[in-house]
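Derivation of every value follows stated rules applied to the coordinates shown; laboratory data play no part. All of these numbers come straight from a predicted model, not from anything done at the bench. No Cβ is skipped: glycine too gets one built from the backbone with ideal geometry, and neighbour counts run over all protein chains shown.
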Amino acid sequence: MSGSLDWDSNTNTTENSCKTVQCDCLTFWEIYQQEAIKRVSNLKSANHYKLEPGYEARARRIASVYARIYLEQEISGTKLFRGRYYWMGLGAFASKTVAAIFKHGLTAWGYKWAPVISGAIGGVLTAPVINSMIRDPVHSFAKGNLWLFMDIAPWHYAWSASSASFKNCMKARKVSGFKHIKKEVENLPWSNSLSVIKQLGWTDQIEEGFGYLPDIENTFKRAGKTRNDNFKTASKNLFDHLMAIAVQEQYNILQELVWKEWKVQKQASLQRITGLPDSTLVLTSDYGVDAVKPNKQGQYKGRHAGVLSQLPETVYSEPLEGTQVEVYDSRIKWIKVAASKYHRLMQSDKGRDFLEKELGVISGWGDSKAEFKVGKDSNDGKI
C-alpha cells in the first residue's frame, strides 16, 4: 500500500481468542503508536482503516486528541490529574490554529485550486511557481502537524497507561525496531521524516518534560485541596513541563521538518508583509481572532459576550514585533510569551474554567472529515 492511505491494524477482533501476552518495550510503544494512527484515520471495515486525507480535518482531529489528553478523556486518563499534561492544552489551541490556516482562503486557493488554474493557463513558468511557492509550504505544514502528533501523542498515552513502563522503556522507542506495525508507520505520508526525527525516539526534552509529572501528580492528588490550590502549588512544574515539551516539538520536530525548508521560509517572509493568513494564537475554539477582540466601543460580542471581560487578561497572543517564525530562537521567544499568557489564565479559576470549556469544544472534533475530494497531489502522493 505504498501509494495508499489505507492500512490494517494489528488488533485481535476474534471473539474468545484472548491469550496472555508478555509485552516487551517495543510492543508497548507499538500499541500506543497504533492508537495515534487510529485517531487520524477512518475505520472502513474490521481492522481496515484509511488515514483522513484532509489537512484541515486532520489538524482538527489532532487538536481534539490533544484536548482530550489534557482533559484526561483519552485512553487510561485519570480525571483527578486533569491539567497535568499542561502542554496538551496549549497544543490543542495551536493545532486548531493550523487547521484555521488550512481553512484560510489564500491557503485553500493554493492548496485546492492552484493546479486547476495553473493547468488552465498552461504557462511554462506559471504552474511551477504556483505549485512550489504556495502548495509546497502547505504540504510542509501538513507534514509537520502529522509527524509532531505521531511523536508526542504516544508518549502521553504510554505515561497514562503506566508511568513505570514508560520509565523502563523510554529509551527503547524507535520505529526502525518495531516488529508489528513498522510497515504501517513507514507507509504514512512523508515517512522519510523518520530518519530526520530519530525514528520518534527518546530525547533529552522528553525525559525532562515527563520528569516533572510525578511531582505534579502528587500535588494534584492531595486531599482537601482545591484545584486552584493545586495549580498554584504545581505552577512552576507545570510551566517547566510545558516548555520542555514545547522545545521538543518546536526544535526537534518542526524546525527539522518544516522551518528548514526554503520555500516555507520564503512564505514566512511574505506572510510578515501581507499578514495573511493571520498567525495569531487564539486560546479558544474560534478560528479567527475577531471573535475574542472587543469592538470599537470596547465591548465583546458574540458567544463570548459577558465572559471575556471577566477574565484576568485577553485570550489571544500575536507574534512579537520582529518575530521571524522560521528562526527557532525568534519563534520560541514568542511561544514562551504565549505560553505565559496561557499559564496565567490557567492559574485563575475563571481563566482555567474558560480555557477548559473551550478545550471541551475542541475535544469534539475527533470525527472531522475533508469537505472536498483530496487528490494524489497531497499527502506525499498517497490516496
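Whole-Hz Karplus values for the range 308-317 come out as 4, 5, 8, 7, x, 6, 5, 10, 9, 9 Hz, taken residue by residue from phi with 6.51 cos²θ - 1.76 cosθ + 1.60 and θ = phi - 60°; glycine and proline positions read x. Between residue 161 and residue 370, the FRET efficiency from the beta-carbon distance, with R0 = 25 Å, is close to 0.20. Per residue, the average separation of C-alpha pairs within less than 8 Å and at least 6 apart gives the chain a relative contact order of 25 percent. The string of couplings for the range 286-295 from the Karplus curve (6.51, -1.76, 1.60, θ = phi - 60°) is 6, 6, x, 6, 4, 5, 10, 9, x, 7 Hz, one whole number per residue in order, with x for Gly and Pro.
Springs between Cα atoms under 10 Å define the GNM used for the chain, and in it the highest mean-square fluctuation of 89, 275, 298 occurs at 298.
When averaged across all projection directions, what area in nm² does the alpha-carbon convex hull of the range 132-204 cover? With every direction weighted equally, the projected area is 5.6 nm².
Of all the options 66, 49, 85, the one that moves most in a Gaussian network model of the chain with Cα springs shorter than 10 angstrom is 49. Membrane-span-like helices of the chain, defined as complete DSSP H segments with a Cα extent of 15 Å or more along the helix axis and a mean Kyte hydropathy of at least 0.5, are identified as 86-103, 235-247.
Select from 337, 307, 98 the residue whose mean-square fluctuation is largest in a Gaussian network model of the chain (Cα-Cα springs shorter than 10 Å). Evaluated over the chain, the most mobile residue of the options is 307.
Put a dot 7 Å past the Cα of residue 269, heading toward its Cβ, do the same for residue 208, and the two dots end up 3.2 nm apart. Database remark: amide H of residue 51 closer than 5 angstrom to the amide H of 6, 7, 42 (H placed geometrically; neighbours at sequence offset of 5 or more, or on other chains; Pro and chain starts carry no H). A cut-off of 5 Å between modelled amide H atoms, ignoring neighbours fewer than 5 places along the same chain, links residue 202 with 173.
Note on residue 383 and residue 27: the extension gain reaches 125.3 nm, defined as 0.36 nm multiplied by sequence separation minus the Cα-Cα distance. If the Kirkwood radius is taken over C-alpha pairs of the chain, then at 25 °C and 0.890 mPa s the Stokes-Einstein diffusion coefficient equals 113 µm²/s. The simple Förster model, with R0 at 25 Å and r as the Cβ-Cβ distance, assigns residue 192 and residue 327 a FRET efficiency of 0.55. Per-residue 3J(HN,Hα) values for the range 276-282, derived from phi via the Karplus relation 6.51 cos²θ - 1.76 cosθ + 1.60 with θ = phi - 60°, read 10, x, 5, 9, 4, 7, 9 Hz in sequence order (x marks Gly and Pro). Computed per residue of the chain from DSSP H runs no shorter than four, each worth -39500 (n - 2.57), the mean residue ellipticity at 222 nm is -15000 deg cm²/dmol. Among the listed pairs 143/373; 183/382; 182/382; 225/336; 301/333, which are separated by more than 26 Å between their Cα atoms? Among 143/373; 183/382; 182/382; 225/336; 301/333, the Cα-Cα distance tops 26 Å for 225/336; 301/333. Taking packing as the residue-averaged number of other Cβ atoms within 10 angstrom, the listed peptides 261-272, 237-248 run from highest to lowest as 237-248, 261-272.
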